[in-house]
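J.: Sharing a structure, written as structure tokens. Questions coming.
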Amino acid sequence: DLGSDAQLNLARLFAALAENPSQVHRIRELLDGALPGLNIDADLRWVFVRELAERGVLDHAAIDEELERDKTLSGELNHTAAYASIPDAKVKAEIWNSIINDDLSTSIRRYKVSGFISYRHPELMDQYVAKYHSVLNSVWNPDSYEKSKAVVESLYPMYVGTKSTLEA
């Protein structure tokens, strides 16, 4: 049904599972309002933006444009996650360094981690297996339990199913 919760949930599910170029193009069409009845509110826009960014379709400038549409706290957090999800080694290195070294709020760290971790790009994640294990002792700090927990639990390289992951 047009405008129903079922339509909304199917659109979200489709965006999460889309893999081939025509499906990814369809996410872009959904973002642009091509599906009759689907209410594209700020939250749904960010779902589509994050999915497109993770697939390398949107760059930093396009993600910044979305932030101009939604200058709320939710918009800023989703912008952070979308940028962190860009499949680019320099972006991943910048985000990793920020998560590990910067004094971030729990929310900002959580959104950076959610964008950083990706099963779609294990080739970008492989180099972080050894880095993950090398920072465990230094980030476990009783003064900052939330940061410690975020790094130890959330950055675990679960999507890197290689021999190096098992050996680390």
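J.: For the structure I just gave you, tell me whether Glu68 is open to solvent by 40 Å² or more (accessible area, probe 1.4 Å), under 19 Å from Val113 (Cα atoms), free of Cβ contacts under 8 Å to residues at least 40 places away in the same chain and of a type outside the set (Phe, Trp, Tyr).
T.: no
J.: It is to be established whether one or more residues within region 83-101 are among the charged types (D, E, K, R) and in contact with a Pro (Cβ under 8 Å, 6 or more places away or on another chain).
T.: Scanning region 83-101 turns up no residue that is among the charged types (D, E, K, R) and in contact with a Pro (Cβ under 8 Å, 6 or more places away or on another chain).
J.: Then there's this: Tell me, which residue of region 1-23 that is farther than 20 Å from Arg45 by Cβ and at pLDDT 95 or above is surrounded by the most Cβ atoms within 10 Å (Cβ to Cβ)?
T.: Here the residue is Pro21.
J.: Then there's this: Which residue, of Ala18, Ala61, Ala42, Ala11, is over 26 Å from His121 (Cβ atoms), more than 15 Å from the chain's Cα centre (by Cα) and among the hydrophobic types (A, V, I, L, M, F, W, C)?
T.: On inspection, the qualifying residue turns out to be Ala42.
J.: Considering Leu38, Leu52, Leu31, which residue is touching a Phe, Trp or Tyr at 6+ places or on another chain (Cβ under 7 Å) and surrounded by 13 or more Cβ atoms within 10 Å (Cβ to Cβ)?
T.: The match here is Leu31.
J.: Still on this structure, I have one more. Go through (1) acidic (Asp, Glu); (2) farther than 26 Å from Arg28 by Cβ; (3) surrounded by 12 or more Cβ atoms within 10 Å (Cβ to Cβ) for Glu153 and report which single condition fails.
T.: (3)
J.: Right, here's the next one. How about region 32-130: which helices (runs of 4 or more DSSP H) wholly inside it have at least 2 residues that are in contact with a helix residue (DSSP H, G or I) (Cβ under 6 Å, 6 or more places away or on another chain) and of a type in the set (A, V, I, L, M, F, W, C)?
T.: It comes to 42-54, 60-69, 73-84, 89-101, 106-116.
J.: When you scan region 74-88, do you find a residue that is crowded, with 18+ Cβ neighbours inside 10 Å and either charged (D, E, K, R) or in contact with a strand residue (DSSP E or B) (Cβ under 6 Å, 6 or more places away or on another chain) (or both), even just one?
T.: Within region 74-88 (the criterion being crowded, with 18+ Cβ neighbours inside 10 Å and either charged (D, E, K, R) or in contact with a strand residue (DSSP E or B) (Cβ under 6 Å, 6 or more places away or on another chain) (or both)), the answer is no, since none of the residues qualifies.
The values are calculated or read from the model by the stated rules, or taken from the named source; none is laboratory data. Since this is a predicted model, take the numbers as computed values, not measurements. Backbone-built Cβ (ideal geometry, glycine too); neighbour counts: all protein chains shown. Quick note on the areas: whole protein, heavy atoms, side chains included, nothing else; ligands and nucleic acids left out. Shrake-Rupley method; radii C 1.70, N 1.55, O 1.52, S 1.80 Å.
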